[in-house]
Amino acid sequence: MERGLGGEVPRPLENYLVVDFSQFLSGPSAALRLADLGARVIKIERPETGDICRHLYTSNVIMNGESSVFHAINRNKESFAADLKNELDREQVRELVRQADVVMHNYRPGVMERLGFDYASVKALNPNVVYGEISGYGPEGPWRDKPGQDLLLQSVSGLTWLSGNADAGPVPMGLSIVDMLAGAHLAQGLLACLVRRSTSGEGGLVQVSMLESAFDFQFETITTFFNDGGQLPERTQHNNAHAYLGAPYGIYQTQNGYLALAMGSIPVLGKLLSCEALLAYPEPAQAFAQRDEIKATLANHLRTDTTEAWLAVLEPADIWCANVLSWDKLMAHEGFKALDMVQDVRMVDGYQYQTTRCPIRLDGELLTSSKGSPKLGQDNEAILQEIANITAFRHGV
């Protein structure tokens, strides 16, 4: 099959074909990264309805008749609509699988076996294929058939007990963080397997679960738990930003906004901020043992002046601190503009929208693409012609 993204900057995955059965967030986020790195990604979707993410809205923002999150995570891909319960459609997809470098999905365990596109079936068609799959809870164990939904994974993995103040109860992150982590881990595993294949010719099976990704995300805090006598983390009563770190670590309200403070010496802060009460904590151990009272004192003091006034004192002294910006203020700042993180993309029907670009630079160049998300089945005609050409070539026609 003809492959490659094209464009001015050579991409390391040009001439690689990814056949992606995944939907919603975790799998498609991995496929998006591969697409940005140059792979041709063909998204297999159900006829009529397509990826569930097209209409499962995460906000009330509808773009070109479909959800905003679908457009964000499925740009730079092709769409092939196929009914995997129909034998003719299955054979067409099998032909794509025969040509693929990577085949991937994020269905629950057992689904791809029933559809005939599990690893064993795909490997029989394409012995050197790199096959990737994301599950919610792994291929084994009592939770294997539970739905792999982000909030549920945050909840069972212990993640919700790290954010928020001590009396706030469990607090989830305001992003589908476990989906994104699992997608990143799958992309890493697929890339590693492609490297191995380039040297040995051997493909392989890459398996990631959202639960394992959530555990890995907490490697720092879980390691502390293991080596702290099994003591559970305790969030601070005030301005918590890390369940283990001592004062002043946190976000504090000022006279006109908020100020973030990372690790730092309490008496040094006391002198710089002219807060004499902080001078009563000269020992580093007090930043942990008495962090609640230190944070409360600091919080009261920081409300007496503006964020800009405090930054003017702290930044020249090389204190780790930052303004707390909302998106509108962030995107108006030269620090954000210098990164050129926003790109305009266009769909085949002319619909244009702004979204983020790939965060990776190669040889000093940005990885951008103007190709927007696909309409459902928009590439069927072209892909079917490619399949026909391959079939004719195979039979010497």
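The values are calculated or read from the model by the stated rules, or taken from the named source; none is laboratory data. What you see is a predicted model, and the numbers here were worked out from it, not measured in a lab. Counting neighbours? That spans all protein chains shown, and the Cβs are built from the backbone with ideal geometry, glycine included.
Before we move on, is Ala182 surrounded by 14 or more Cβ atoms within 10 Å (Cβ to Cβ), in contact with a Leu (Cβ under 8 Å, 6 or more places away or on another chain) and not in a loop (DSSP other than H, G, I, E, B)?
No, not satisfied.
Working carefully through the options Asp363, Asp379, Asp349, find the one that is surrounded by fewer than 17 Cβ atoms within 10 Å (Cβ to Cβ) and under 25 Å from Ala187 (Cα atoms).
Asp363
Has region 370-390 got at least one residue that is modelled with pLDDT of 95 or more, over 23 Å from the mean Cα position of the chain (by Cα) and assigned to a strand (DSSP E or B)?
no
What pairs come out if I take residues in region 185-208 that are under 20 Å from Gly27 (Cα atoms) and pair them with residues that are surrounded by fewer than 20 Cβ atoms within 10 Å (Cβ to Cβ) and among the polar types (S, T, N, Q) whose C-beta lies under 7 Å away, six or more apart or interchain?
Gly203/Asn128
Within region 316-350, can you find the residues that are touching a His at 6+ places or on another chain (Cβ under 9 Å), in a loop (DSSP other than H, G, I, E, B) and under 25 Å from His71 (Cα atoms)?
Met347
Modelled with pLDDT under 95, surrounded by fewer than 16 Cβ atoms within 10 Å (Cβ to Cβ) and out of contact with any Pro (no Cβ under 8 Å at 6 or more places or on another chain): which single residue out of Glu113, Glu140, Glu91, Glu87 fits that description?
Glu140
Quick check on this structure: which one of Glu45, Glu14, Glu78 is at pLDDT 95 or above, of a type outside the set (Val, Ile, Thr) and surrounded by fewer than 17 Cβ atoms within 10 Å (Cβ to Cβ)?
It is Glu14.
Could you tell me whether Ala124 is assigned to a helix (DSSP H, G or I) and either surrounded by fewer than 17 Cβ atoms within 10 Å (Cβ to Cβ) or without any contact (Cβ under 8 Å) to a residue 60 or more places away in the chain (or both)?
Against the criterion (assigned to a helix (DSSP H, G or I) and either surrounded by fewer than 17 Cβ atoms within 10 Å (Cβ to Cβ) or without any contact (Cβ under 8 Å) to a residue 60 or more places away in the chain (or both)), Ala124 qualifies.
Would you be able to say whether some residue in region 261-269 is modelled with pLDDT of 95 or more, under 36 Å from the mean Cα position of the chain (by Cα) and over 17 Å from Thr236 (Cβ atoms)?
yes
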